[in-house]
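Since the structure comes first, as structure tokens, the remarks are kept for the end.
The values are calculated or read from the model by the stated rules, or taken from the named source; none is laboratory data. What you see is a predicted model; the values in this text were computed from it and never measured. Cβ placement follows ideal geometry from the backbone for every residue including glycine, while neighbour counts extend to all protein chains displayed. When the accessible area is computed, the model is the full protein with side chains, heavy atoms only, and any ligands, DNA or RNA have been set aside. Shrake-Rupley method; radii C 1.70, N 1.55, O 1.52, S 1.80 Å.
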Amino acid sequence: MVEINGNTYTCGLIGNPVEHTMSPVIHNNLASATGENIVYVPFHVETGRLEAAVKGAFGLNILGMNVTVPYKSDVIPFLSDIDPLAQRIGAVNTLVRTENGYKGYNTDMPGLLRAMKHDGVSVEGEQIILLGAGGVARAVAMLLADNGAEKIIILNRTTEKAQKIADEVNEYTGKEIVEVKKLDEYKSLASDRKYLAVQATSVGMYPNVDEAVIEEDEFYNMIHTGYDLIFNPLETKFIKLCRKNGANGFHGYRMLLYQGVIAYELWTGDSVSDELAEQVYEKMLVAMNA
Ligand code: ATR
């Protein structure tokens, strides 16, 4: 842990609630390993106090902030600048101090990409099944389209929401890259190939650990890799079903690690090696079981 003195910078997390966050584990370990004189603390921000929190943080010379639920979109009006990716996604999870205020970034999606790279999962040229059409799925659809996915098939309970995302992404890319189906319409997909599936619904998250958004083995036989964005539990029913049917299964805990790593790199200008990231990941696993 960094020894606090007169030259210590503060970084922190604003959200409500913040009590279960892993971010202090990520950033305080990174600070201590890279020799930066930075401490990272959680800030519980009550409803209605977001603007005061951002202004107060700036006034207190706070170097950088993470932003979590429910403020990732609400924080945008209080920023002095916003990165184009965050703007397009409409969600900011990282604030970087500039001369005039904070610039907002989204490191969740680059974090997912870096986690996928670590896990040996490639997006380029893939036909990808995206499960879900909420806020997270929308951002994932943008990320996949931006990174060379050949085709994205969104399966969602409510097809209107999926269609809205498809229209947006297709307009952005200028190609009909996204198509939409109901959950059980996976049966109509070409079966002469295997797909990468990204699980971006909330189904299977603690405490509903015995559920997966699609439960038939037939679906899991169509995929070579399942990537679940959920990390609590680490092994969701979705991942169990992937593995049972011979597909690779990955969880979202490394995405959480890498969104933090990328935020830390933005605040400090340091670059964090994969080796150091893995050391921090080990600490996150210990903290999760504590
Ligand atoms: P987030 O911001 O985390 O993406 P969200 O916007 O509430 O959360 O989206 C949750 C996703 O999980 C949606 O795709 C939702 O499906 P609908 O769009 O039909 O609501 C999906 N989801 C949640 N519970 C579900 C359930 N029991 N069965 C199928 N899909 C479910």
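Mind listing the phi-derived Karplus ³J(HN,Hα) values for segment 100-110, rounded to whole Hz, using 6.51, -1.76 and 1.60 with θ = phi - 60°, and x for any glycine or proline?
Values, residue by residue: 9, x, 9, 9, x, 10, 10, 9, 4, 6, x Hz.
Using the Cα centre of the chain as origin and beta-carbon charges of +1 (Lys, Arg) and -1 (Asp, Glu), tell me which of Tyr71, Thr34, Thr8 is placed farthest towards the positive end of the dipole.
The residue sitting farthest along the positive end of the dipole is Tyr71.
If you stretched the chain out fully between Asp210 and Lys55, how much longer would it get, using 0.36 nm times the residue separation minus the C-alpha to C-alpha distance?
51.5 nm
Protein chains only, probe 1.4 Å: how do Lys187, Lys244 rank by accessible area, largest first?
Result, largest first: Lys244, Lys187.
Can you give the FRET efficiency to the nearest 0.05 for Ile4 and Gln127, using r as the Cβ-Cβ distance and R₀ = 41 Å?
E(calc), rounded to 0.05, equals 0.20.
What whole-number value in Å² describes the accessible area per residue of the chain for a 1.4 Å probe?
Each residue of the chain exposes 47 Å² on average to a 1.4 Å probe.
So, with a 1.4 angstrom probe, what is the percent of accessible area on segment 1-146 that is carbon and sulfur?
52
For Glu150, Glu51, Glu278, Glu99, what's the largest-to-smallest order of accessible area, 1.4 Å probe?
Ranked list, largest accessible area first: Glu99, Glu150, Glu51, Glu278.
Can you find, among Pro207, Asn106, Ala263, the residue sitting farthest towards the positive end of the charge dipole of the chain, where Lys and Arg contribute +1 and Asp and Glu -1 at Cβ?
Final value for the positive-end residue is Pro207.
Between Gln279 and Ala190, what's the calculated FRET efficiency when r is the beta-carbon distance and R0 is 51 Å? Round to 0.05.
My answer for the efficiency is 0.75.
Per-residue HN-Hα couplings for segment 245-250, Karplus 6.51 cos²θ - 1.76 cosθ + 1.60 at θ = phi - 60°, whole Hz, x for Gly and Pro?
9, x, 9, 6, x, 10
DSSP loop (so not H, G, I, E, B), at most 16 other Cβ within 10 Å: list which trypsin sites (Lys or Arg not before Pro) in segment 39-80 pass both filters.
Arg49
Per residue of segment 147-153, in order, report the coupling 6.51 cos²θ - 1.76 cosθ + 1.60 (Karplus, θ = phi - 60°) as ³J(HN,Hα) in whole Hz, putting x for Gly and Pro.
Going residue by residue, I get 10, x, 4, 7, 7, 10, 10 Hz, with x marking Gly and Pro.
Might you work out the accessible area of Cys11 for me, using a 1.4 Å probe with all protein chains in place, and round it to the nearest 10 Å²?
Solvent-accessible area, nearest 10 Å²: 0 Å².
Of His251, His20, which has the most accessible area with a 1.4 Å probe, and how do the rest follow in descending order?
Listed by decreasing accessible area, they come as His20, His251.
Evaluate the charge dipole of the chain about its Cα centre and quote only its size in Debye, nearest 20, assuming +1 on the Cβ of each Lys and Arg and -1 on the Cβ of each Asp and Glu.
In debye, rounded to 20, the chain gives about 260.
Compare the Cα positions of Ile223, Met116, Ala166 along the charge dipole of segment 110-251 (+1 at Cβ of Lys, Arg; -1 at Cβ of Asp, Glu; about the Cα centre) and return the one farthest towards the positive end.
Going by the charge dipole, the pick is Met116.
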